[in-house]
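Student: For reference, the structure I am asking about is given below.
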Amino acid sequence: YQGEWKGIFGHKNDLGMYIIFLMSPAFFIRLKRSLLGIAMVCSVSLAGVLVIMSQSRTAWLLGFVFGCYVCAYKVIDRFRRRDAMLLSATVISAAGLLIAVALARYDALLTLLGKTSDFSGRFQIWKAVALAIAKHPYLGYGYGGFWSQSQGESMNVILAVGFPLNHAHDGYLNLWLQLGLLGLALFLWSLISATRDGIRCLKLPQHNYAAWCLGILLLVLIGNIDESFIMKYNSLATMLYVMASVGLYKTMRGDYEQ
């Protein structure tokens with residue numbers, strides 16, 4: 001490390017990402033008392049300092065994406081339903097355009113973020129992990145049963161990349177590695193189902209809660225591109241993902257009282 005903060009967490013990326021997860025409800029709570037509002041602003045500001053000082057590019061990207069999501073929601077929420085739907089379509093189209101531009105300017109974007117063209121060695125990791133997945137593609141090696149090995153396929157991956165590893169640096173590959181294609185498909189199904197429930201819940205009085213839940217789903221979706229915390233047994237993000245999914249399911253069916 002060269003001055004990056006990691007606090008009580010094991011890695012700088014954990015500090016940056018989990019602080020964003022922890023502070024995410026602050027943007028969807030309506031506080032009536034000014035003192036509580038000031039306290040919330042101070043908390044969010046201090047959280048921002050932690051994310052910046054972690055020097056985690058993944059956390060910076062997550063913070064930027066989440067900030068855009070919150071701003072878009074706050075603006076759209078002020079319009080009538082029909083106008084809000086049109087504005088939502090416009091925002092989604094603009095987001096798609098930005099993603100296309102980012103992909104077209106891939107090398108320049110990585111340089112701006114201080115990353116190498118191989119995602120700081122992640123391409124090499126993903127290639128080695130893919131070879132291991134190909135040997136057990138459908139059911140995987142078992143939940144938590146791959147990286148704990150000191151020999152066999154996990155050691156082959158470590159030898160291929162040249163340094164110790166305990167995850168695939170991609171949540172989707174890591175889940176595929178452990179639970180196979182079946183486990184990955186079940187997770188994606190749960191993500192799609194929760195997103196569908198969340199979009200429907202935006203029409204209900206509890207739309208602030210639904211918007212927060214959708215924000216958690218977005219953080220999980222984006223954060224696992226180069227980190228691995230999908231269904232991780234000791235992950236705060238996993239607990240929040242389950243809470244958000246169940247909350248949206250119950251809200252959609254009228255079983256949850258805000």
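Student: What number of residues within segment 21-49 are of a type outside the set (A, V, I, L, M), farther than 15 Å from residue 215 by Cβ and either touching a strand residue (DSSP E or B) at 6+ places or on another chain (Cβ under 9 Å) or surrounded by 12 or more Cβ atoms within 10 Å (Cβ to Cβ) (or both)?
Tutor: 3
Student: Something else now. Counting only residues that are under 18 Å from residue 29 (Cβ atoms) and assigned to a helix (DSSP H, G or I), how many does segment 243-258 have?
Tutor: 5
Student: Right, next: Within segment 177-189, take every residue that is within 17 Å of the chain's Cα centre (by Cα) and buried (at least 16 other Cβ atoms within 10 Å of the Cβ) and give me the one that is nearest to residue 146 (Cα to Cα).
Tutor: Checking each candidate, the answer is 184.
Student: What single numbered condition from (1) open to solvent by 50 Å² or more (accessible area, probe 1.4 Å); (2) modelled with pLDDT of 70 or more fails to hold for residue 72?
Tutor: (1)
Student: Just wondering, is there one or more residues in segment 26-40 that are closer than 19 Å to residue 201 by Cβ, at pLDDT 90 or above and not basic (Lys, Arg)?
Tutor: Yes, because at least one residue in segment 26-40 is closer than 19 Å to residue 201 by Cβ, at pLDDT 90 or above and not basic (Lys, Arg).
Student: Quick one: count up the residues across segment 214-229 that are buried (at least 21 other Cβ atoms within 10 Å of the Cβ) and modelled with pLDDT under 90.
Tutor: Summing the residues that are buried (at least 21 other Cβ atoms within 10 Å of the Cβ) and modelled with pLDDT under 90 in segment 214-229 gives 3.
Student: Mind listing whichever residues of segment 1-20 are part of a loop (DSSP other than H, G, I, E, B) and surrounded by 15 or more Cβ atoms within 10 Å (Cβ to Cβ)?
Tutor: Those that are part of a loop (DSSP other than H, G, I, E, B) and surrounded by 15 or more Cβ atoms within 10 Å (Cβ to Cβ): 5, 6, 9.
Student: Can you tell me which of (1) farther than 17 Å from residue 190 by Cβ; (2) open to solvent by 40 Å² or more (accessible area, probe 1.4 Å) is the one residue 208 doesn't meet?
Tutor: Single failed check for residue 208: (2).
Student: Give the residues of segment 140-168 that are touching a Ser or Thr at 6+ places or on another chain (Cβ under 6 Å) and open to solvent by 20 Å² or more (accessible area, probe 1.4 Å), sorted by residue number.
Tutor: Listed by number, the residues that qualify are 147, 167.
Student: Let me ask another. Restricting attention to segment 205-242, report how many residues are in a helix (DSSP H, G or I) and without any contact (Cβ under 8 Å) to a residue 12 or more places away in the chain.
Tutor: Number satisfying all stated conditions: 3.
The values are calculated or read from the model by the stated rules, or taken from the named source; none is laboratory data. Small disclaimer: the values here were computed from a predicted structure and weren't measured. No Cβ is skipped: glycine too gets one built from the backbone with ideal geometry, and neighbour counts run over all protein chains shown. Just so you know, the surface numbers come from the protein's heavy atoms only, side chains and all, with ligands and any DNA or RNA stripped out. Shrake-Rupley method; radii C 1.70, N 1.55, O 1.52, S 1.80 Å.
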